[in-house]
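Report on the structure given below.
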């Protein structure tokens, strides 16, 4: 088994608003192995994006607050890092790409200007060398006419091109970890395909570990090695991607998979999950899926631990509490 | 059967102005000769990526945007010449459900007012008690409760808001409803509920639907026939089964192949197409798809392809493709 | 109808929430207390004032503050405390009238211009720009002078001056509201422009109008007092704060209390409205709200 690169332990994050304090993440634990693409999948408000941002301490405080936990990058707790160390981590060890690349690019500077600035911030390069590196980076994300793109302003590029520029910038300083927060959600499907292909190829070539946040099960299946399913601030299932899709265990994961309309078959009615996501201001004390779960029992008022249900497959559900014998019956 | 809505050769170009004096410098060809028809009880799925002009088609049909050319027939009668009172009367029979349930509901209105005001505007109800009654009834039909009458939109979840939007579209008892990406702002579990509701309503009332979406999987689930748009024109249209069993246009094939399938054992080559869709301001000559097409030939660069019917002889519904690959009368 | 809508319970719930959120903001509470106190003083002035505000008592001329005359007396022996209380009445009424009329008209003008757009918008807004290009006090002075010095002309002048502020703000909001999908939905439902402006555009601009109205109340009181100060507004012996300062100015060296107390009241009132307006802006902003 390969080395653990990132470990999130018991991370809790709260956001305070006018209506109260929302427990957006509640003692979430995950670990990423070096070199893998780790997917985090879940619906709006499940906390996946907040978790991703916490790793780089990008949560706005206030209203947000990290109330407990550790985020260990090669054993070093990012939450304890001082500002100086945090800057080093942000540029050189961990970088991030976002859903809407337009908002992460400054509209009044050219692409070249911004790329060079990022490069020179982290590497001792003169202007000319930086320029050459930029062109090389853009070629690697399959932007062939690199020189002309450097001279353009962000709004002159298409969404797919902007996201490729962002990937180039994110990978320019050889980070160990790349956090991709819904990087293709705003893109058209044909362009999404290109960007996903570039992202997976580049990360493989550079040996970068990726934390891939998405709501799209199809994208997870096509790009990730392992995946965590989140629901209302809890991780409910962690598994190898093949194992998860072959046999989802958590009632929520099962429900979620049944909802997806697939392109290969016709179904008269789609399955759906009854009810709605609980209010995070006053969530249920135990399993947060309890109100919508067809198997809910009294024991579900206690929070389930992560139970092993197979090689590299863990579920936070009391149905799987006893041991692996139950595996057969489900 | 006579179509409820019949759109013929619809054209909409937006002038882009620039310079000090606001000269028209370029044309954005949003819709460039689109024809489609929807019958009672039928759903036509209109698929395309951003910039394909699919939403402009919807907005033109409801005359939220005035088309430049073409004709729109509602139950055989042209609606492009209607004005004032007549137009408002025609609009009662056509409705729309919008993409973003958050911004398509006025945050300052209660559900009762949002759903009920079309009745008020058209003078279709005798009293406010009758309006409340009919709104309550409709809320139940779309899966909400009459307790929700006096609430504001922000007190609902995204899926519930979209149900309110659907109720608003139904209250004037229209014949034809346009859905403009009604589920793209929703989570999958909620999306499934809304799609089921939309289907169910059609089964009960026989509405004609135009379902606009960028997502082929959603369209497949809901449509009887499907039309694929690329840069302002229809490139392919066929029945659902025909389109998915025998997709013909290279663009349709690419759309199908680049949708990531939820099966990790079947790793796809996702980068099916190269490049981005060109901007509708600079439409390529010849076939609009040729710069990205893996099968592009010499003829595609300068000659616009005609529509070819490739359905097997005797098929009830035509399978139309705009592509030079099929010019020699290829039929399946 | 309007009252029925106001009592309508969902709106009450919203109002309750607004008040609750305001209650957590210390500045809002301070502003609210000041304004409430001023309104109470103005309302109950006849009960609270120990003396007749225009009753002359030549034997008590220019007395310093004492247990009998809290704020001293003026050159006619009138009790300044009583005059200041009655002055609060005048200022509040002027403020509310001006903001009510200017806010209403400005909202209507701005909403129409912004929603309809095109030439009508251009014409209306250029007119407003012309009015805005004069400093408000200068324009108000010109108008008041043209109509002859009186309280009525001062109110009229200030109202006219304040209209473009509301119109311009509401127009900006209306431009944004016009593009919202719910406007398209209303069109699809067959609503006419007038109906849409009344039921969609204006209600969605109301919170900014309330904020601007609160901030403008302070401004209005200041401009009205200024007009009186230079003799174009309320005329002596009307107990108007501006007019009082105007006369008191002559005695400022020896009888400091004469101009100081009306001045303090103007200061506190204007600050109260501004602080409350700022807090309201925070609370009514829907982006912050949820």
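Please compute, for the alpha-carbon atoms of chain B, the extent along each of the three principal axes and give them in descending order in Å.
Principal axes ranked by extent give 67, 58, 46 Å for the Cα atoms.
Quick check on chain A: of the DSSP beta bridges with both residues there, what percent are antiparallel, nearest 5%?
65
Starting from the coordinates of the alpha-carbon atoms of segment B:141-269, obtain the Kirkwood hydrodynamic radius over all distinct pairs and give the value in Å to one decimal.
16.6
Taking a virtual spin label 7 Å from the Cα of residue B:245 along the C-beta vector, which residues in segment A:231-275 bring their backbone nitrogen under 16 Å of it?
Residues A:264-267 qualify, since their backbone N sits under 16 Å from the label point.
Over chain B, what is the mean sequence separation of C-alpha contacts under 8 Å (at least six apart), divided by residue count, expressed as relative contact order in percent?
About 20 percent, as a whole number.
Would you mind giving the mean number of other chain beta-carbons within 10 Å of the Cβ of each residue in C:138-146, as a whole number? Show your work: numbers first, answer last.
On the way: counts 0, 0, 0, 0, 0, 0, 0, 0, 0.
Rounded to a whole number, the mean comes out at 0.
Please compute P(r) over all alpha-carbon pairs of segment B:45-196, binned at 10 Å starting from zero, and give each bin as a whole-number percent.
Pair shares across the bins are 11, 37, 35, 16, 1.
Starting from the coordinates of the alpha-carbon atoms of segment A:260-310, obtain the Kirkwood hydrodynamic radius over all distinct pairs and give the value in Å to one decimal.
13.7
Return a whole-number percent for the relative contact order of chain A, with Cα pairs under 8 Å and 6 or more residues apart as the contact set.
20
Quick check: convex hull over the Cα atoms of segment B:1-96, volume per residue in Å³, rounded to an integer?
116
Test of understanding: ordering C:223, C:270 by Cβ neighbours within 10 Å, fewest first, what list do you get?
Least to most surrounded, the residues fall as C:270, C:223.
What is the P(r) of the protein assembly as shown, as percent of Cα-Cα pairs per 10 Å bin from 0?
All Cα pairs considered, the percentages come to 2, 9, 16, 19, 19, 15, 9, 6, 3, 1, 0, 0.
Once the convex hull of the alpha carbons of chain C is built, what does its volume come to per residue, in cubic angstrom?
Once divided by residue count, the hull of chain C is 154 Å³.
So for the protein assembly as shown: antiparallel DSSP bridges make up what percent, rounded to the nearest 5?
65
Could you give the alpha-carbon Rg of chain A over 2.2 N^0.38 Å, rounded to two decimals?
This ratio for chain A stands at 1.05.
Using the C-alpha gyration tensor of segment A:1-127, what are the square roots of 5 times its eigenvalues, in whole angstrom, with the largest one first? If you can, show how the numbers build up before the last one.
Working: eigenvalues 148, 82, 44 Å².
The equivalent ellipsoid of segment A:1-127 has semi-axes of 27, 20, 15 Å.
Provide, as a two-decimal number, the C-alpha radius of gyration of segment A:80-231 over 2.2 N^0.38 Å, N being how many residues it has.
Values: Rg = 15.3 Å, N = 152, 2.2 N^0.38 = 14.8 Å.
In units of the globular-protein estimate, segment A:80-231 measures up at 1.03.
Rounded, prolate or oblate: which one fits segment A:8-82, using the alpha carbon gyration tensor with axes a ≥ b ≥ c (rounded when a/c is under 1.5, else prolate when a/b beats b/c, else oblate)?
Judged from the Cα gyration tensor, segment A:8-82 comes out oblate (a/c at least 1.5, b/c at or above a/b).
Send over the semi-axes of segment C:95-199's equivalent ellipsoid, whole angstrom and largest first, taken as the square roots of 5 times the C-alpha gyration tensor eigenvalues.
Taking √(5λ) for each eigenvalue gives 32, 14, 9 Å, largest first.
Relative contact order (percent) for chain C, with alpha-carbon contacts under 8 angstrom and 6 or more residues of separation?
Relative contact order comes out at 24 percent.
When DSSP beta bridges are limited to those with both residues in chain B, what percentage is antiparallel, rounded to the nearest 5?
65
Per residue, how big is the convex hull of segment B:250-332 when only Cα atoms are used? Give it in Å³.
Normalising the Cα hull of segment B:250-332 by residue number yields 136 Å³.
Let me know the Rg and Dmax you get for segment C:51-123 when you use only its Cα atoms, in Å.
When restricted to Cα atoms, segment C:51-123 yields Rg and Dmax of 22.4, 67 Å.
Need one number for segment B:107-171: average projected area of the convex hull over its C-alpha atoms, nm². It would help to have the intermediate numbers written out before the result.
Details: hull surface 15.4 nm².
Averaged projected hull area, Cα only: 3.8 nm².
Using a simple spin-label model with points 7 Å from Cα along the Cα→Cβ vector, what separation in nm is obtained for residue A:123 and residue C:29?
Going by the 7 Å Cα→Cβ label model, 5.7 nm.
Checking the a/c ratio against 1.5 first, then a/b against b/c, what shape does the Cα gyration tensor give for segment B:65-125?
oblate
Express in whole angstrom the spacing between the alpha-carbon centres of segment C:217-245 and segment B:90-136.
50
How many Cβ atoms of partner chains, on average, are near each residue of A:215-225 if near means within 10 Å of its Cβ?
5
The numbers here are math on the coordinates, done by the rules we state, and not lab data. Because the structure is a prediction, the values reported are computed rather than measured. Every residue, glycine among them, receives a Cβ derived from its backbone with ideal geometry; neighbour counts consider all protein chains shown.
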